[in-house]
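What follows is a short report on a single structure.
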Amino acid sequence: MSSIRRLYEDLRSISVAVVYPPGEEREVLIDQLKRIGCRLRIVWPFPPEPPPGADVIFFQVSQELQGSSTWCASSVDATLIALSDYESPTTLKLLLDTSAHGVITRPFRSSGILSTLVLARSAQGFQARLQGKVRKLEDTIKSRRQIEKAIRVLSESQQLSETQAYEHMRTRATTLRVTVAEVSAMIIEAHEAMEKLGLGRPGAKS
């Protein structure tokens, strides 16, 4: 029961933007979101970019989305829930381009809004965690390549073995209270600066 309570507390704390034209369909959506307790904001006409500051955005899948990369889950911090009028090939293509976390199709019914909101929030959270892990892996690979390059630079310029070069970098990192990756960046930047001055290697001509 405590998890259900936390779920409702979370939903009542979020800011929800509804991007949909006036009418009975929008009223069904708004009434149910009010019952859930979400903080609501109505946006119309369709804006060129997603409303800022919203945790969840319910938006109409329409021609205004065509060619717009800003309305894509990878470019927006908010949970995106698409509101689809009908399932034509064009609409499905626009929907795929948004990578929305959830979809509600007409006619809108109050019974499906809460479950869609909960599942979409969960999907967005999982996606965010996954993207964080990917970025961390990319940073790790980038740092490793940078360290390997700095080792080669030290080995060639200081006549050190790869092991000696790495130990030198690690010692300097400890002394300077920075990471080995940061030391490797310093070495590479200094080496490139010397190269530009024609002083990169012993015996280089000016």
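The values are calculated or read from the model by the stated rules, or taken from the named source; none is laboratory data. Keep in mind that this is a model prediction, so the values were computed, not measured. Here the Cβ is made from the backbone with ideal geometry for all residues, glycine too, and neighbour counts use every protein chain on show. The area values use the complete protein model at the heavy-atom level, side chains included, leaving out ligands, DNA and RNA. Shrake-Rupley method; radii C 1.70, N 1.55, O 1.52, S 1.80 Å.
Quick notes
- Percent carbon-and-sulfur accessible area, the chain, ignoring ligands, DNA and RNA, probe 1.4 Å: 53 percent
- Cross-link partners of LYS149 among lysines (Cα-Cα below 24 Å; sequence separation of 8 or more within a chain): LYS136, LYS196, LYS205
- Working note: Karplus 6.51/-1.76/1.60 with θ = phi - 60° gives the range 138-151 the couplings 5, 5, 5, 5, 4, 5, 5, 5, 5, 5, 4, 5, 5, 4 Hz, where Gly and Pro are set to x.
- Note on the range 1-156: the C-alpha convex hull projects to 12.8 nm² when averaged across all orientations.
- Amide N proximity, the range 138-159 versus LEU176 label position 7 Å along Cα-to-Cβ, cut-off under 16 Å: 143-144, 146-155
- Rounded to the nearest 20 debye, dipole of the range 19-83 from Cβ charges on Lys, Arg, Asp, Glu: 180 debye
- Residue among THR140, GLN124, ALA165 farthest towards the positive dipole end of the chain, charges placed on Cβ: ALA165
- By average C-beta atoms within 10 angstrom, highest first, the peptides 145-151, 20-26, 35-41: 145-151, 35-41, 20-26
- Derived scalar couplings ³J(HN,Hα) [the range 92-98; Karplus, 6.51 cos²θ - 1.76 cosθ + 1.60; whole Hz; x for Gly, Pro]: 5, 5, 4, 5, 4, 5, 7
- Cα extents for the range 44-115 along the principal axes, largest to smallest and rounded to whole angstrom: 29, 28, 23.
- Taking amide H positions as modeled 1.01 Å from N, with prolines and chain starts lacking one, the residues under 5 Å from SER15 and 5 or more places away or on another chain are ASP55, VAL56.
- About its Cα centre, the chain has a charge dipole of approximately 640 debye under the convention of +1 per Lys or Arg Cβ and -1 per Asp or Glu Cβ, with nothing else charged.
- The range 162-180 and the range 91-137 have their alpha-carbon centroids 45 Å apart.
- When each of the peptides 115-121, 96-102, 9-15, 157-163 is scored by the mean number of other C-beta atoms lying within 10 Å of its residues, the order from highest to lowest reads 96-102, 115-121, 9-15, 157-163.
- Computed on the range 70-206, the Cα convex hull volume stands at 170 Å³ per residue.
- Ranked order, THR171, THR91 - accessible area, probe 1.4 Å, largest first: THR171, THR91
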